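Trainee: What follows is a structure written as structure tokens; I'll ask about it next.
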Amino acid sequence: MEELTPQRVADILKDATKDIKQQTTEPKKVSEVDKQLADATSKVYNDLNETLEAVGLDSNNEQLFKVPISELVDKLSTQTGIKYLILDGIITQRLLDGANQSGIEYIVGHRIANVSNSDGVILKTFTELGIT
């Protein structure tokens, strides 16, 4: 293994620092659909974050229900008219299957697990929408 002198380490770090400073993050272009979704989500995010609960909204962004995540799939089987499902948790395959049966169009959560076949349901994270 090659030993690096303190001067060589400083030179390497200086170059890396310069490269990092040159990289600028451009703001993401948000589609109109994502903007509407972000607006609906941001209204409930502060009350929802760190509660382990989920909120269902209709097409007018009116809250239909608020339930613990543990009861969510059961709630989806009895509830209709949900357009947005916003949850303080991870979007799982089980949740996605329940959402498909309920006709939900959008699901927003903190993370998305490895899911297959979302069947037209749009999955987003709070980060993708610029909320966190």
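The values are calculated or read from the model by the stated rules, or taken from the named source; none is laboratory data. Keep in mind it's a predicted model, so treat the numbers as computed, not measured. Positions of Cβ are generated from backbone atoms using ideal geometry, with glycine treated the same way; all protein chains shown enter the neighbour counts.
Trainee: Just give me the residues in region 17-47 being at pLDDT 75 or above and of a type in the set (Lys, Arg), in sequence order.
Mentor: Taking region 17-47 and keeping what is at pLDDT 75 or above, we get 34-47.
The answer is Lys35, Lys43.
Trainee: Right, another one. Within region 120-127, does at least one residue satisfy the condition of being within 19 Å of Glu53 (Cβ to Cβ), crowded, with 18+ Cβ neighbours inside 10 Å, touching a residue at least 24 places away in the same chain (Cβ under 8 Å) and of a type in the set (D, E, K, R)?
Mentor: yes
Trainee: Quick one: Gly56 ticks every box in (1) within 20 Å of Val33 (Cβ to Cβ); (2) in a loop (DSSP other than H, G, I, E, B); (3) not aliphatic (A, V, I, L, M) except a single one, so which number is it?
Mentor: (2)
One line per residue, one yes/no per condition, for (1) touching a helix residue (DSSP H, G or I) at 6+ places or on another chain (Cβ under 8 Å); (2) on the phi > 0 side of the Ramachandran plot; (3) in a loop (DSSP other than H, G, I, E, B):
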residue	(1), (2), (3)
Val33	no, no, no
Thr41	no, no, no
Gly81	no, yes, yes
Leu85	yes, no, no
Leu96	no, no, no
Lys124	yes, no, no
Leu129	yes, no, yes
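Trainee: Further question on the same structure: Look at Lys14 and say whether it is at pLDDT below 90 and exposed (fewer than 11 other Cβ atoms within 10 Å of the Cβ).
Mentor: Working: at pLDDT below 90: yes; exposed (fewer than 11 other Cβ atoms within 10 Å of the Cβ): yes.
Against the criterion (at pLDDT below 90 and exposed (fewer than 11 other Cβ atoms within 10 Å of the Cβ)), Lys14 qualifies.
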